[in-house]
1. Just report the Cα centroid separation between the range 54-94 and the range 307-358, whole Å.
2. Under 8 Å for C-alpha pairs, at least 6 residues apart: give me the relative contact order for the chain, rounded to a whole percent.
3. Rounded to the nearest 5, what is the percent of antiparallel bridges among the DSSP beta bridges in the range 2-131?
4. Run the simple label-point estimate for residue 330 and residue 179 please: 7 Å along Cα→C-beta, distance reported in nm.
5. Under 19 Å from a point placed 7 Å out from the Cα of residue 116 along the Cα-to-Cβ direction: which residues of the range 80-99 have their backbone N that close?
6. After finding the eigenvalues of the alpha carbon gyration tensor for the range 229-358, what semi-axes result from the square roots of 5 times each, listed largest first in whole Å?
7. To two decimal places, what compactness ratio does the range 144-197 give when its Cα radius of gyration is scaled by 2.2 N^0.38 Å?
8. Over the range 2-131, what relative contact order in percent results from Cα pairs under 8 Å that are six or more residues apart?
């Protein structure tokens with residue numbers, strides 16, 4: 001983590017920033033090793049020189065003192081305002097050019113009011129330029145999260161049957177992952193069956209799974225605060241020719257995109273590889289989202305893989321490869337893996353089998 005601070009300060013020097021204020025809780029975790037459970041409950045001030053300061057409220061103070069690294073921990077007392085305390089320190093240190101990552105409008109104006117003569121410069125990209133390329137430790141954590149996610153997929157395959165409710169499947173999956181070390185889920189588990197499988201983010205309900213229905217299953221485990229993401233599509237019974245075609249097309253699209261993933265490739269070219277397959281088979285309008293996104297401390301990070309992305313993949317990126325076909329009123333198919341970008345290609349970190357029929 002010390003090397004991460006050094007890298008950020010080098011970027012700050014290049015951008016002529018005297019200090020940087022970090023609000024995003026996952027970025028605070030990235031630099032200090034301490035995760036703040038609720039948004040807006042902490043601020044991390046990183047000056048170009050000197051000690052870093054983590055401002056926390058009472059609910060996080062003792063935990064931060066024990067767990068946070070590379071920073072002083074300062075308590076924000078009841079009735080005090082963290083932004084005002086940080087502003088006082090910025091003025092005391094005479095930080096004239098102050099960068100920041102993500103601040104809501106009211107907090108920005110609060111800072112501006114208390115920092116007359118200080119130039120406030122939004123530049124969250126300097127943090128993302130560091131976070132998007134994972135080191136070996138981070139990759140190891142994501143690899144473990146992916147292994148736990150595979151266990152979730154295996155449990156889903158064993159659990160899904162006629163008459164079981166969507167939320168019952170989700171409960172069994174999350175329990176299985178927790179028992180073997182998952183710290184929780186990367187996002188709310190999706191088990192969406194029948195026409196609901198045509199909703200890319202269909203959640204899960206008390207609906208019973210019926211014979212012949214497509215079941216979209218999307219899950220992610222979390223390990224050491226790092227996430228994985230996987231989707232499989234299942235079916236109980238005998239698939240129709242249309243369901244088989246949809247599944248085959250999505251499988252082909254996912255593989256085409258996977259073969260395109262490597263260092264120095266434009267993200268939009270990877271998206272195009274999958275999208276062209278789906279268009280060729282007549283389902284172009286049914287692929288309603290981008291191909292994928294970065295995964296790490298957040299489940300949706302940079303880089304972004306879609307048709308308008310300006311990102312270029314780099315070795316060490318961890319991304320999703322998740323084409324889908326969604327036919328409203330009928331059902332949907334999505335197949336997704338978490339993928340590590342390498343110099344000479346890519347590696348699937350999630351490895352659950354691709355079985356349409358359970």
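Rule-based calculations on the coordinates, nothing more; no lab input. Note that the structure is a prediction, hence the values are computed from the model and not measured. Positions of Cβ are generated from backbone atoms using ideal geometry, with glycine treated the same way; all protein chains shown enter the neighbour counts.
1. 40 Å
2. Numbers: 820 pairs, mean separation 51.1, N = 358.
Answer for the chain is 14 percent.
3. Of the beta bridges lying entirely in the range 2-131, close to 40 percent run antiparallel.
4. Placing both labels 7 Å along Cα→Cβ, they lie 3.9 nm apart.
5. From the range 80-99, the list is 84-98.
6. Working: eigenvalues 125, 49, 30 Å².
In descending order the semi-axes read 25, 16, 12 Å.
7. The range 144-197 yields a ratio of 1.11.
8. Numbers: 213 pairs, mean separation 33.6, N = 130.
After rounding, I find 26 percent.
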